[in-house]
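Student: Structure in structure tokens, see below.
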């Protein structure tokens, strides 16, 4: 997984909780982290390390893991819009943007990082409703949900996001029904 | 105080850990950066090699290529310089467009046919090229700088070959049709011959009848009264013979039918000849074409024969006459016919004057606003004054094996375009000229 996800996660924990909490979860999980909790945005790390960090944060904050990951997704979408504005500027609505993820954004990401393992998004548009099916080798459907909600915030639109688990609890296959309200 | 100190120590410890993690991260980032720099360097080297390879390839390709962006011509290969006669490398696109008379598009992908006019030693040479514009971008935007590759291929030979094949196919078609027509006419003539044979039997029988009746009359005048019985007997015999002959002639009552058959046969032959004339007329589709180029193409069709007779061909073409809108194929046929006739006239004169240097002049001149004159003049055997007008009549020919169809067909073609065609000659061994005046454009 790209290092930017890790560095942004640590920054979010520092901002939303505190630097002490961030330090605490790294310290607690360090025995299970190959990197020892040192991340650079240009590196590539095992996604398990993020899972470990989120688990620790959940234990410290008493917030469910899924809620934390979704919140992180919202934060990440906001950061992506600052770091990679060109992907957001070409379209004018959340649903249009989400439709472009698989057939435009991911193609460009692949050009930049040929080895990147990206999740797959199949979309089906029906007016103001978009059905988006997420599938990945990693259990981050909650992160996808947060990214969807964060995109809605960027475009100033209110969205209703219904999630249907297609992975029997594994979190790697989910159907989202997104409705613009 | 102790609490503050403990708090401070905690903060320092936290900062130390953060610093340590940041330092580790920085080290890793530096390592990655170095690795990426190396990869970038290698990629750059590969790109340079690839660029060199592509440039060499472009330089060596036999098709003309020019690379340009919206403002400047970036690169040109030697084939381009050779084909267009100049290298616009480094020039502005606007100036290059003006010099070449060719639009340099930047998008989308497009193909166009273009003519390059170059002044040769004796005449203007026209090269037809197929130009293709290939934008080297995925998505066109008006403001972004982007490059376009223009590829030009010389298709003059291909066009000439097509014309040679088209003409050969046309001639072969006519030959095949002629054979079929002659076969049909032969069948009709056979039928007519039968009718004629039947009709041919009638005159001898009438002659026999005339002879018998004359003899009977003569004997009757010379006979005495005593011979009356004998005379009556002879008259009776003559009458019987007459009845027999007339009866025989009555048997030929189909005579009228034979005559009808002959008439029908003649009519049928006329129809077949008309059909042949109609079908042998080339495509009269009006097209826009370059007249000097058409003359060059026509000459190239019979270049081998011109060389065989060692004839000097001189062109004196009016530069104002370029694009015309006329039926191209019949025009080629007509010009070719003039030139062939001139060659044969030169050949005939050579039989008498072995050292004679044959010469054919092709002259064009624009006349008025929408008219031009084409003259094909030779220094061959010439035409007798009394034949100057007759040579355009069907079947009239000066040649031993001529059909008398070529100039007749040319006259018909010129007439159909409301033009004029006439011949000039000062007589035997004084050469001759075919002069045709035609509109530059006719309505399609």
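Nothing in this text is a laboratory measurement; each read-out follows from the coordinates by a stated rule. Remember, it's a predicted structure, so these values are computed and weren't measured experimentally. All Cβ positions, glycine included, derive from the backbone under ideal geometry; neighbour counts span all protein chains shown.
Student: In cubic angstrom, how much convex hull volume per residue do the alpha carbon atoms of the range A:53-104 span?
Tutor: Details: hull volume 5.2 nm³, N = 52.
It is 100 Å³ per residue.
Student: Shielding of B:25-31 by partners, i.e. mean partner chain Cβ atoms within 10 Å per residue?
Tutor: Working: counts 13, 2, 2, 8, 7, 1, 2.
Going residue by residue through B:25-31 and averaging, the value is 5.
Student: So if R0 is 60 Å, what FRET efficiency would residue A:166 and residue B:22 give, r being the distance between their Cβ atoms, rounded to the nearest 0.05?
Tutor: Working: r = 40 Å, r/R0 = 0.67.
With a Förster radius of 60 Å, E is 0.90.
Student: Follow-up. So for the pair residue B:286, residue B:390, with labels modelled 7 Å out along Cα→Cβ, what separation do we get in nm?
Tutor: Modelled inter-label distance: 3.7 nm.
Student: Test of understanding: extend the Cα→C-beta vector of residue B:320 to 7 Å, then name every residue of the range B:361-387 with backbone N under 13 Å from that spot.
Tutor: Inside the label zone: B:364-373.
Student: Convex hull volume of the Cα atoms in the protein assembly as shown, per residue, in Å³?
Tutor: Details: hull volume 204.6 nm³, N = 625.
Roughly 327 Å³ of hull volume per residue.
Student: Along the Cα-to-Cβ line of residue A:41, 7 Å from the Cα, sits a label point; which residues in the range B:9-24 have backbone N less than 19 Å from it?
Tutor: Of the residues in the range B:9-24, B:19, B:21-24 have backbone N under 19 Å from the label point off residue A:41.
Student: What's the percent breakdown of Cα-Cα distances in chain A across 5 Å bins, shortest bin first?
Tutor: P(r) over chain A, rounded to whole percents: 1, 8, 16, 21, 20, 16, 11, 5, 1, 0.
Student: Here's another thing I want to ask about it. If you average the alpha carbon positions of the range B:13-62 and of the range B:290-321, how far apart do those two centres end up, in angstrom?
Tutor: 64
Student: Given the options B:426, B:297, B:154, which has the most mean-square fluctuation in a GNM of chain B, springs set between C-alpha atoms less than 10 angstrom apart?
Tutor: In the Gaussian network model the winner is B:426.
Student: How much length is gained on full extension from residue A:118 to residue A:32, taking 0.36 nm per residue of separation minus their Cα-Cα distance? Intermediate results must be reported in sequence, preceding the final value.
Tutor: On the way: separation 86, 0.36 × 86 = 30.96 nm, distance 2.45 nm.
Extra length from residue A:118 to residue A:32 when fully extended: 28.5 nm.
Student: Under 8 Å for C-alpha pairs, at least 6 residues apart: give me the relative contact order for the range B:61-154, rounded to a whole percent. Can you show the working numbers first?
Tutor: Values: 180 pairs, mean separation 28.4, N = 94.
Over the range B:61-154, the number comes to 30 percent.
Student: Still on this model: Arranged by the count of other C-beta atoms within 10 angstrom, fewest first, what order do B:65, B:239, B:434 take? Before the final figure, lay out each step's value.
Tutor: Values: B:65 19, B:239 13, B:434 25.
Fewest-to-most Cβ neighbours within 10 Å comes out as B:239, B:65, B:434.
Student: Take every Cα pair under 8 Å in chain B that's 6+ residues apart, average their separations, divide by the length, and report that relative contact order as a whole percent.
Tutor: Working: 566 pairs, mean separation 39.3, N = 444.
9 percent.
Student: Name the most mobile residue of B:38, B:149, B:299, meaning the one with the largest mean-square fluctuation, in a Gaussian network model of chain B with Cα contacts below 10 Å.
Tutor: The residue with the greatest mean-square fluctuation here is B:38.
Student: Under a crude label model (7 Å from the Cα following the beta-carbon direction), how far is residue B:222 from residue B:415 in nanometres?
Tutor: 6.5
Student: Relative to the longest principal axis of the C-alpha atoms of chain B, give the angle of the C-alpha long axis of helix B:291-301, reported between 0 and 90° and rounded to the nearest 10°.
Tutor: Value to nearest ten degrees: 70.
Student: Angle, helix A:19-29 long axis vs. longest principal axis of chain A, Cα atoms, 0 to 90°, nearest 10?
Tutor: Compared with the principal axis, the helix lies near 80 degrees.
Student: Computed FRET efficiency, Cβ-Cβ of residue A:180 and residue A:59, R0 25 Å: what is it to the nearest 0.05? The partial results should precede the final answer.
Tutor: Working: r = 37 Å, r/R0 = 1.46.
Efficiency, rounded to the nearest 0.05: 0.10.
Student: Shifting gears a bit: Any chance you could give the angle, 0 to 90 degrees and rounded to 10, that helix A:3-16 forms with the longest Cα principal axis of chain A?
Tutor: 80
Student: If you don't mind, there's one more thing I want to ask. What is the spread of the Cα atoms of the range B:61-154 along each of their three principal axes, largest first, in whole Å?
Tutor: Reported extents, whole Å, longest axis first: 48, 23, 23.
Student: Report the semi-axes of the equivalent ellipsoid for the range B:21-105 in whole Å, largest first, where each axis is √(5λ) for an eigenvalue λ of the Cα gyration tensor. The partial results should precede the final answer.
Tutor: On the way: eigenvalues 393, 53, 9 Å².
So the equivalent ellipsoid measures 44, 16, 7 Å along its semi-axes.
Student: Something else: Tell me what chain A gives for mean residue ellipticity at 222 nm when only DSSP H runs of n ≥ 4 count, each as -39,500 (n - 2.57), the sum divided by the residue total, rounded to 500 deg cm²/dmol.
Tutor: -15500 deg cm²/dmol
Student: For chain B, what is Rg from Cα atoms divided by 2.2 N^0.38 Å, rounded to two decimals?
Tutor: Numbers: Rg = 44.1 Å, N = 444, 2.2 N^0.38 = 22.3 Å.
Expressed relative to 2.2 N^0.38 Å, the Cα Rg reads 1.98.
Student: To continue, here is another question. From the helices alone, meaning DSSP H stretches of at least four residues, give me the mean residue ellipticity at 222 nm for chain B, per-run term -39500 (n - 2.57), in deg cm²/dmol to the nearest 500.
Tutor: On the way: 11 runs with 242 residues, N = 444.
For chain B, the value works out to -19000 deg cm²/dmol.
Student: Moving on to the next point. What shape does the range A:81-151 take by its C-alpha gyration tensor, where a ≥ b ≥ c are the square roots of the eigenvalues and a/c under 1.5 counts as rounded, a/b above b/c as prolate, and the rest as oblate? Let's see the in-between values first.
Tutor: Details: a/c = 1.57, a/b = 1.13, b/c = 1.38.
Oblate shape, in that a/c is at least 1.5 and b/c is the bigger or equal ratio.
Student: Taking the Cβ-Cβ separation of residue B:172 and residue B:268 as r and a Förster radius of 25 Å, what is the calculated FRET efficiency to the nearest 0.05?
Tutor: Values: r = 26 Å, r/R0 = 1.04.
Calculated value: 0.45.
Student: A follow-up question, please. Under a 10 Å cutoff between Cα atoms, tell me which one of A:130, A:112, A:33 has the largest fluctuation in the Gaussian network model of chain A.
Tutor: A:112
Student: Could you work out the mean count of beta carbons from other protein chains within 10 Å of each residue's beta carbon in A:42-51?
Tutor: On the way: counts 6, 5, 1, 1, 0, 0, 0, 0, 0, 0.
Rounded to a whole number, the mean comes out at 1.
Student: Something else about it: Expressed in nm to one decimal, what extension gain is obtained for the pair residue B:8 and residue B:233 from 0.36 nm per residue of sequence separation less their Cα-Cα distance?
Tutor: On the way: separation 225, 0.36 × 225 = 81.00 nm, distance 17.73 nm.
Length gained, residue B:8 through residue B:233: 63.3 nm.
Student: What whole number of Å gives the distance from the Cα centroid of the range A:124-181 to the Cα centroid of the range A:27-66?
Tutor: Computed from Cα coordinates, the inter-centre distance equals 24 Å.
Student: Using label points projected 7 Å from each Cα along Cα→Cβ, tell me how many nm separate residue B:34 and residue B:145, to one decimal.
Tutor: 3.5
Student: Over all distinct Cα pairs, what is the inverse of the mean 1/r for the range A:3-63, reported as the Kirkwood hydrodynamic radius in Å? Spell out each step's value before the answer.
Tutor: Values: mean 1/r = 0.0883 Å⁻¹.
The Cα-based Kirkwood calculation yields 11.3 Å.
Student: Another one. Quick one: B:1, B:343, fewest Cβ neighbours within 10 Å first, how do they rank?
Tutor: Details: B:1 5, B:343 21.
By the 10 Å Cβ count, ascending: B:1, B:343.
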